[in-house]
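Notes follow the structure.
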């Protein structure tokens, strides 16, 4: 499993391409230059979105890295999937509900992890133990620390093992086209704790776990307290543009947004600790604002980007009409496989934490099949293999264009709706705009203190 695999390399490219299409090329990465090469590495991350987390980390890494990673054992039940997952260096982790000898089964995976690190391979692990679609970091389990020190002991503590903390930040967990920000932290040299481990194992476990927890927290938007998660998330969305200006941030769009969101979350958490009534008093205001947006069928970004000139709206509408045939081409050849994946996930997936992973994996299988069958039919219909090949190549590109077009259409529709409501002096819109302004001012007042 530790050997470089051509099949893994091929799958990595294929999955990477599919992920970029799924998220409309909005995956940003930071800190990859810090990842060492040719040494044993344990990539330790927060866990919010099931299989998508592992795939995003794997495909973000340079091709020299082919990390193994641990997944739930139930996905190995199907022998065909088991062979596929084994080829992609996945290892099962068992739970009590799996009705097996959990200690014995997990010990085998544990020993395999140690063997990989001993042979200078890399592993991805999510020590929160399960996933949660919340922007926060839960307490890490000590299992990854045990793996590190047991692997080190197998080599008589002569080989350094590095723990690379990283954070995955999702704009939205359940929808295609959301923004992703992966932030890789400075590697932690576990050999600094070897002496402590040989003196007191539990202290070493706790110390490495604590240091890693602190490091990961620096690379995610960490919302606390959990009881007011939705309120804080709304406030962060409202205040991000202002915080970018206040911090005078420079760099890529996703980097600036991440830093601003992280800082806003920290300020709100600190304020809530010093003034316990702050969130209690502001929560009803954010709820009213959110309710008014729902009544208006608008989102916050539509209000944020106002005003809208009628001339510009007509120009955008004309452009949308002009590009509609290209959208239709992309829609025809991409709608069915996506909708089948989505329909199956909605019907069969009971835990929403696995919804996106199911849609993505099904799409990863169905889209190439549908493209191939469509190209074969077109080739037969037109009597040209060249045209069939060109059509096959165009399907994916047209699909991305159709996705962008549909997003732009919804935004334009919202702009027209805002313009219409504002020109008709809609009271609900006026109230929402006032509430938005007051909420931002509340945060400004907090920062001035």
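Centre-to-centre, using Cα atoms only, region 2-28 and region 261-317 are separated by 35 Å.
At 0.36 nm per residue, and after removing the present C-alpha to C-alpha distance, how many nm does the segment from residue 84 to residue 312 gain when stretched out fully?
Length difference between fully extended and current span is 77.0 nm.
Each peptide among 258-267, 188-197 gets the average number of other Cβ atoms lying within 10 Å of its residues, and from highest to lowest they stand as 258-267, 188-197. Compared with the alpha-carbon gap, the fully stretched path from residue 444 to residue 249 is longer by 68.5 nm at 0.36 nm per residue.
For the peptides 166-179, 140-153, the ranking by packing is 140-153, 166-179, with the highest mean count of neighbouring Cβ atoms within 10 Å listed first.
Provide the gained length on full extension for the span residue 426 to residue 349, in nm with one decimal, where the gain is 0.36 nm per separating residue minus the Cα-Cα distance.
Gain in length upon complete extension: 23.7 nm.
Each of residue 4 and residue 207 was given a label point 7 Å from its Cα along the Cα-to-Cβ line. The distance between the two points is 3.6 nm.
Based on the mean of other Cβ atoms within 10 Å per residue, sort peptides 11-17, 216-222 so the most packed one is first.
The packing order, highest mean first, is 216-222, 11-17.
Contact order for the chain, expressed relative to its length and based on alpha carbon pairs under 8 Å spaced 6+ residues apart, stands at 17 percent. Specify whether the C-alpha gyration tensor of region 310-434 places it in the rounded, prolate or oblate class, a ≥ b ≥ c being the square roots of the eigenvalues: rounded for a/c under 1.5, otherwise prolate if a/b is larger than b/c and oblate if not. The shape class here is oblate. The distance between label points at residue 400 and residue 384 comes to 2.4 nm (points 7 Å beyond Cα on the Cα→Cβ vector). Judged by the gyration tensor of its Cα atoms, with axes a ≥ b ≥ c, the chain is oblate; a/c meets the 1.5 cut and b/c is at least as large as a/b.
None of the figures in this text is laboratory data; all of them are computed from the coordinates on show. Keep in mind the model is a prediction, meaning the values are calculated, not measured. We place every Cβ from the backbone using ideal geometry, glycine too, and count neighbours over all the protein chains shown.
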